[in-house]
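Participant: One structure follows; several queries about it will come next.
The values are calculated or read from the model by the stated rules, or taken from the named source; none is laboratory data. The structure presented is a predicted model; accordingly, all values stated were derived computationally and were not measured. Don't worry about glycine lacking a Cβ; one is built from the backbone with ideal geometry, like all the others, and counts go over all protein chains shown. Areas reflect the complete protein model, heavy atoms only, side chains present, ligands, DNA and RNA absent. Shrake-Rupley method; radii C 1.70, N 1.55, O 1.52, S 1.80 Å.
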Amino acid sequence: DRRYRTEAASCGEYSTISNGLGEINAIFDEITTTGNHAKMSEFLEALDKLITTTDSKEHATVLRNKAEQIAQVLNSNSKSLDSVENQMRSQTDQTVADINAILEQVSLLNTKIRDDNFYGNPSNELNDQRNMLLDQLSEYVDIDVKRTPVEISGGIVVDQLSVEIRGSGNDAKNIPPVVLVDGGNYNGLATQYDETTGQASIHFTDDQGMMIQVDRG
């Protein structure tokens, strides 16, 4: 499970990058005759002709038309990039919502499995459901799943499952790990966008949606 989830995290990361670059690559398609390179070549060719015949109104008109075509292509690229950015924002928001839904389900299953184990009932099906959810979660986030024996009462010991972001803790600097799920509790994610810089950031929230300040040193 650990090996699969580690590789799933890498696969998910590079798939997301590849998809994003693919969208941008489609905008700057230089194979066609309408791309930036083609229009710039036509402009330079028209400019060379005007240089040799500076008094030619015909060549001046052609050059002006070629310059307008370059502006049109650049404006079109700009609008397309804005569209890709908005699409990426929507995908990010949906991804965060999917992650939060998984975290909530894992925490609920943790509670059900804990109760079943307390009363000595088998919980194989619930464990399978939880493992599937953890596999799905690993495609979004590089996670580390831990099971800690906890004594409930009367010598009854059950495993409490927690989910952390791998490598988020630093023992040398006494920095606590970022915990996503701890037994029946979970911390979610929320996105924020800076409209000035265009940068996106992701914050941690508790199960009530309140933002959590995480000291990363």
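Participant: Quick check: anything in the range 76-88 in contact with a Ser or Thr (Cβ under 8 Å, 6 or more places away or on another chain) and either exposed (fewer than 14 other Cβ atoms within 10 Å of the Cβ) or closer than 30 Å to Ile17 by Cβ (or both)?
Facilitator: Of the residues in the range 76-88, the ones in contact with a Ser or Thr (Cβ under 8 Å, 6 or more places away or on another chain) are none.
No, there is no match, as no residue in the range 76-88 is in contact with a Ser or Thr (Cβ under 8 Å, 6 or more places away or on another chain) and either exposed (fewer than 14 other Cβ atoms within 10 Å of the Cβ) or closer than 30 Å to Ile17 by Cβ (or both).
Participant: Within the bounds of the range 64-82, is there any residue that is closer than 30 Å to Glu139 by Cα and of a type in the set (Gly, Ala, Ser)? Can you show your working first?
Facilitator: Filtering the range 64-82 down to residues closer than 30 Å to Glu139 by Cα leaves 80-82.
Right, trim to of a type in the set (Gly, Ala, Ser) and you get 80.
There is at least one residue in the range 64-82 that is closer than 30 Å to Glu139 by Cα and of a type in the set (Gly, Ala, Ser).
Participant: Still on this structure, I have one more. Answer yes if at least one residue in the range 135-149 is of a type in the set (Ser, Thr, Tyr), open to solvent by 60 Å² or more (accessible area, probe 1.4 Å) and within 24 Å of the chain's Cα centre (by Cα), and no otherwise. It would help to see each step written out before you state the result.
Facilitator: Initially, the range 135-149 is screened for residues of a type in the set (Ser, Thr, Tyr), giving 138, 140, 148.
Checking which are open to solvent by 60 Å² or more (accessible area, probe 1.4 Å) leaves us with 140, 148.
Still in the running and within 24 Å of the chain's Cα centre (by Cα): 140.
Checking the range 135-149: at least one residue is of a type in the set (Ser, Thr, Tyr), open to solvent by 60 Å² or more (accessible area, probe 1.4 Å) and within 24 Å of the chain's Cα centre (by Cα).
Participant: Just wondering, is there one or more residues in the range 101-120 that are touching a helix residue (DSSP H, G or I) at 6+ places or on another chain (Cβ under 8 Å), surrounded by fewer than 19 Cβ atoms within 10 Å (Cβ to Cβ) and of a type in the set (Gly, Ala, Ser)? Please lay out each step first, then the result.
Facilitator: Let us first name the residues in the range 101-120 that are touching a helix residue (DSSP H, G or I) at 6+ places or on another chain (Cβ under 8 Å), namely 102-103, 105-106, 109-110, 112-113, 116.
The next check asks that each one be surrounded by fewer than 19 Cβ atoms within 10 Å (Cβ to Cβ); those that pass are 105, 112, 116.
Now narrow it down to the ones that are of a type in the set (Gly, Ala, Ser): none.
Checked against the condition, which is being touching a helix residue (DSSP H, G or I) at 6+ places or on another chain (Cβ under 8 Å), surrounded by fewer than 19 Cβ atoms within 10 Å (Cβ to Cβ) and of a type in the set (Gly, Ala, Ser), the range 101-120 yields no hits at all.
Participant: Further question on the same structure: Within the range 34-69, can you find the residues that are assigned to a loop (DSSP other than H, G, I, E, B), touching a helix residue (DSSP H, G or I) at 6+ places or on another chain (Cβ under 9 Å) and either of a type in the set (Val, Ile, Thr) or open to solvent by 50 Å² or more (accessible area, probe 1.4 Å) (or both)? Before the answer, list the steps.
Facilitator: So in the range 34-69, the residues assigned to a loop (DSSP other than H, G, I, E, B) come out as 34-35, 53-56.
Next, from what is left, pick out any that are touching a helix residue (DSSP H, G or I) at 6+ places or on another chain (Cβ under 9 Å): 34-35, 53-54, 56.
Listed by number, the residues that qualify are Thr34, Thr53, Thr54.
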